[in-house]
Amino acid sequence: LRYVRGSAQKGLQVRRSTSPTLVAYSDADWAGCLDTRRSTSCFCVFISDSLISWSSKRQAIVSRSNAEAEYRGMVNATAECCWLRHLLGELHVNVDKATIVYCDNVSAVYLSENPVHHGRTKHVELDVHFVREKVAVCAIRVVHVPTQQQLADIMTKGLPRAQFEVFRSSLCIVDDAQTVRGCQSG
């Protein structure tokens with residue numbers, strides 16, 4: 001509540017783009033809830049450099065590994081990106097390139113690319129097939145991002161103030177004085 005009260009003057013800045021690209025950051029805080037041991041997953045989706053969609057919520061089931069929690073978060077980000085690509089298509093905005101989904105878990109990135117079925121992933125089989133299908137048709141490209149550059153961490157973890165402020169500015173959150181004139185071209 002202290003943060004909300006202190007950030008009332010902040011706003012979301014949206015910039016115009018001539019060549020739209022979709023980029024998402026996906027993260028999870030494995031077993032972060034001390035009462036239920038459920039993970040919190042989040043994503044943030046950008047069109048060019050403007051944040052257009054984000055979510056942070058507790059996962060419905062308990063994940064048995066960090067990779068599983070991260071992968072379930074990646075599935076949510078992938079589904080959102082697919083919906084946004086479809087919406088942009090309906091608005092006659094052509095997104096030519098594959099959507100990049102950044103994830104800081106090497107195992108989750110590997111699962112999205114490896115077509116071999118692993119017996120140890122049977123419990124997340126539907127999620128695995130959903131993301132792999134989107135990767136196979138080049139709608140999604142999953143890329144590893146170092147944890148220090150994982151923007152979605154702002155929604156799952158307590159961060160040092162300096163890193164929090166860098167991530168917050170990367171999410172296009174600025175003082176309202178910069179957004180008074182409406183959309184800024186960038």
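Where a number appears in this text, it was derived from the coordinates with a stated rule and is not lab data. All of these numbers come straight from a predicted model, not from anything done at the bench. Cβ placement follows ideal geometry from the backbone for every residue including glycine, while neighbour counts extend to all protein chains displayed.
When each of the peptides 16-26, 135-145 is scored by how many other beta carbons lie within 10 Å of its residues on average, the order from highest to lowest is 16-26, 135-145.
Only beta bridges with both residues in the chain are counted; by DSSP, about 65 percent of them are antiparallel.
Computed from the Cα positions only, the extents of the chain along the three principal axes stand at 55, 43, 25 Å, in decreasing order.
Shown in residue order for segment 32-48 are the 3J(HN,Hα) couplings computed by the Karplus curve 6.51 cos²θ - 1.76 cosθ + 1.60 at θ = phi - 60°: x, 7, 5, 7, 10, 6, 7, 8, 10, 10, 8, 8, 9, 10, 10, 10, 6 Hz (x for Gly and Pro).
Electrostatic tally near ALA69: other residues with Cβ closer than 10 Å to its Cβ, Lys and Arg +1, Asp and Glu -1, net -1. Phi angles across segment 15-23 convert, under the Karplus curve 6.51 cos²θ - 1.76 cosθ + 1.60 with θ = phi - 60°, into 3J(HN,Hα) values of 10, 6, 9, 8, 10, x, 10, 9, 9 Hz, Gly and Pro given as x. Computed from point charges on the beta carbon alone (+1 for Lys and Arg, -1 for Asp and Glu), the dipole magnitude for the chain about its Cα centre is near 320 Debye.
Give a residue-ordered list of calculated ³J(HN,Hα) values for segment 132-137 (Karplus: 6.51 cos²θ - 1.76 cosθ + 1.60, θ = phi - 60°; whole Hz; x for Gly, Pro). Running phi through 6.51 cos²θ - 1.76 cosθ + 1.60 with θ = phi - 60° gives 4, 4, 5, 5, 4, 8 Hz. Less than 5 angstrom separates the built amide H of VAL142 from those of VAL101, all sequence-distant by 5 or more or on a different chain.
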